[in-house]
Amino acid sequence: MNRYPQVTVDLKKLLHNVKEVVALGKASQVEITGIIKGFTGIPEASLMFQKGGCTMVGSSRLEQLERAKEIGVTIPLMLIRIPMLSEIEEAVKVADSSLNSEREVLEALNKEAGKQGKNHGVILMADLGDLREGFWDKEELINTASYVENNLKNLTLLGIGTNVGCYGSVAATPSKHQELVDLKDDVEKEIGRPLKIVSGGATSSIPRLMENNMPEGINNIRVGEGIILAKDLRDLYGYDMSFMYQDVFTLKAEVIEIKTKPSYPQGEIMFDAFGNKPEYVDIGVRKRGLLAMGKVDYGYLENIYPRMKGVKVLGASSDHTIIDIEDVEEDIKIGDILEFDLSYASIVFVTNCENVRIVIKE
């Protein structure tokens, strides 16, 4: 018996998207690390990144990387959040490499790798202005690279990387990427050898591939949203993403009530279940539907998009979503299932909620 709400994952469409981004990368000699955290590392979906040609699979969550390994992902696994000291043992055990910016963490990784008889790869992150992780002082990064190369025998300095657009909204421009290439040159001069990986950001760097203006020297980007959805590139950056599927993920919810009611609450307006004081617009008496899902399932009601023409999302509480169906031509009945498109933010929520059933479509 089906249980709702549920999210379906179309593996064929996901595989198509992976292959398209990998092909874009190959044209610019850039390898793609497929990032699986956006869908909470669903194992079957993670496997598509390997099948589609990604050279690495990455996540900020070790449990997701572990599940990827269990289902058969054999390409290298990358931990893309700086390892916590409390997870060093597991990080070395599960991940082949990690992003780093703290010497104390690097020393802990080196010590643990020695205990496990392993070699752990590290990529040193440079903060080029987005103000999330990374060395701000470039000399400190160069000195740390030399320290890893010459003193931490259980670590391999794979390369350097950066992040733009995730916190500070800094654009991934060719000149910003060139800063990373220049830094790469300085590090290579210091350690006396070429770096294997120069990782120039994430989905926001895909336009450099599409416009064929990625500076020479960048040979890796870490892509999640740009593969699983490609909605930001279309809606925020204005790129034609018609060659990609935006409906890999589908949220489905069941109708539990249909009533004709006023559009404006009756009584003194105070606060909703989340402590907010919303504003309501009186547009008269309307036909409304109630769905058996709410904010605890998908996070933000503005990030779910009804596929049925005429359906409008009015609001939500923890476990209910209120929709306006006055202008819907179809006859919606109790027990009907309505479908919604998602954003990156809502995919993260629905795939991470134990109340939302995940259905794999092969």
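When the range 250-278 is limited to residues that are surrounded by fewer than 14 Cβ atoms within 10 Å (Cβ to Cβ) and closer than 30 Å to residue 8 by Cα, the one that is nearest to the chain's Cα centre (by Cα) turns out to be 274. Scanning the range 85-136 for residues that are assigned to a helix (DSSP H, G or I) and among the aliphatic types (A, V, I, L, M) returns 85, 88, 91, 92, 94, 105, 106, 108, 109, 113. Applying a threshold of 6 Å to beta carbon distances and a minimum spacing of six or more residues, or different chains, the list of pairs starting in the range 32-47 at a residue that is assigned by TED's automatic domain parsing to the domain that holds residue 207 and of a type in the set (D, E, K, R) and ending at one that is surrounded by 24 or more Cβ atoms within 10 Å (Cβ to Cβ) and assigned to a strand (DSSP E or B) reads 37/59. You will find that of 58, 41, 72, the residue that is on the phi > 0 side of the Ramachandran plot and surrounded by 21 or more Cβ atoms within 10 Å (Cβ to Cβ) is 41 and no other. Quick one: is residue 145 of a type in the set (A, V, I, L, M) and modelled with pLDDT under 95? For residue 145, the condition - of a type in the set (A, V, I, L, M) and modelled with pLDDT under 95 - is not met. Of the numbered criteria (1) modelled with pLDDT under 95; (2) surrounded by 12 or more Cβ atoms within 10 Å (Cβ to Cβ), the one residue 281 fails is (2).
For the range 180-237, give me each residue that is of a type in the set (Asp, Glu) and within 19 Å of the chain's Cα centre (by Cα).
The initial filter retains those residues of the range 180-237 that are of a type in the set (Asp, Glu), namely 182, 185-186, 188, 190, 211, 216, 225, 232, 235.
If the condition is that a residue be of a type in the set (Asp, Glu) and within 19 Å of the chain's Cα centre (by Cα), then 225, 232, 235 are the ones that fit.
Scanning the range 19-38 for residues that are among the hydrophobic types (A, V, I, L, M, F, W, C) and either assigned to a loop (DSSP other than H, G, I, E, B) or crowded, with 23+ Cβ neighbours inside 10 Å (or both) turns up 21, 30, 32, 35, 36.
Scanning the range 95-105 turns up no residue that is surrounded by fewer than 17 Cβ atoms within 10 Å (Cβ to Cβ), under 24 Å from residue 37 (Cα atoms), in contact (Cβ under 8 Å) with a residue 40 or more places away in the chain and not basic (Lys, Arg).
Taken over the range 127-146, the criterion of being more than 20 Å from the chain's Cα centre (by Cα) and not polar (S, T, N, Q) is satisfied by 128, 129, 135, 136, 137, 138, 139, 140, 141, 142, 145.
For the range 150-177, enumerate the residues that are surrounded by fewer than 17 Cβ atoms within 10 Å (Cβ to Cβ) and not hydroxyl-bearing (Ser, Thr, Tyr). Step through it out loud before you land on a result.
Initial filter on the range 150-177 (surrounded by fewer than 17 Cβ atoms within 10 Å (Cβ to Cβ)): 150-151, 153, 166-169, 171, 173-175.
Listed by number, the residues that qualify are 150, 151, 153, 166, 168, 171, 174.
Examine the range 55-67 for a residue that is assigned to a helix (DSSP H, G or I), farther than 20 Å from residue 91 by Cβ and of a type outside the set (D, E, K, R), and state whether such a residue exists. Give the steps one after another, and end with the answer.
First pass over the range 55-67, keeping only residues assigned to a helix (DSSP H, G or I): 62-67.
Among the residues that remain, those that are also farther than 20 Å from residue 91 by Cβ are: none.
Checked against the condition, which is being assigned to a helix (DSSP H, G or I), farther than 20 Å from residue 91 by Cβ and of a type outside the set (D, E, K, R), the range 55-67 yields no hits at all.
Considering only residues of the range 308-334 that are surrounded by fewer than 13 Cβ atoms within 10 Å (Cβ to Cβ) and in contact (Cβ under 8 Å) with a residue 24 or more places away in the chain, which is nearest to residue 295 (Cα to Cα)? Steps first, please.
If we filter the range 308-334 for residues that are surrounded by fewer than 13 Cβ atoms within 10 Å (Cβ to Cβ), which is where we start, we get 309, 318, 327, 329-331, 333-334.
With the extra rule that they be in contact (Cβ under 8 Å) with a residue 24 or more places away in the chain, the set shrinks to 318, 333-334.
Details: 318: 5, 333: 23, 334: 21 Å.
For the range 308-334, the residue satisfying everything is 318.
From the list 283, 323, the lone residue that is touching a Gly at 6+ places or on another chain (Cβ under 8 Å) and among the β-branched types (Val, Ile, Thr) is 323. The set of residues from the range 122-159 being within 19 Å of residue 110 (Cα to Cα) and among the basic types (Lys, Arg) comprises just one member, 153.
The values are calculated or read from the model by the stated rules, or taken from the named source; none is laboratory data. As the structure is a prediction and not an experimental result, all values here were calculated from the model. Every residue, glycine as well, gets a Cβ built from its backbone with ideal geometry; the counts of neighbours run over all protein chains shown.
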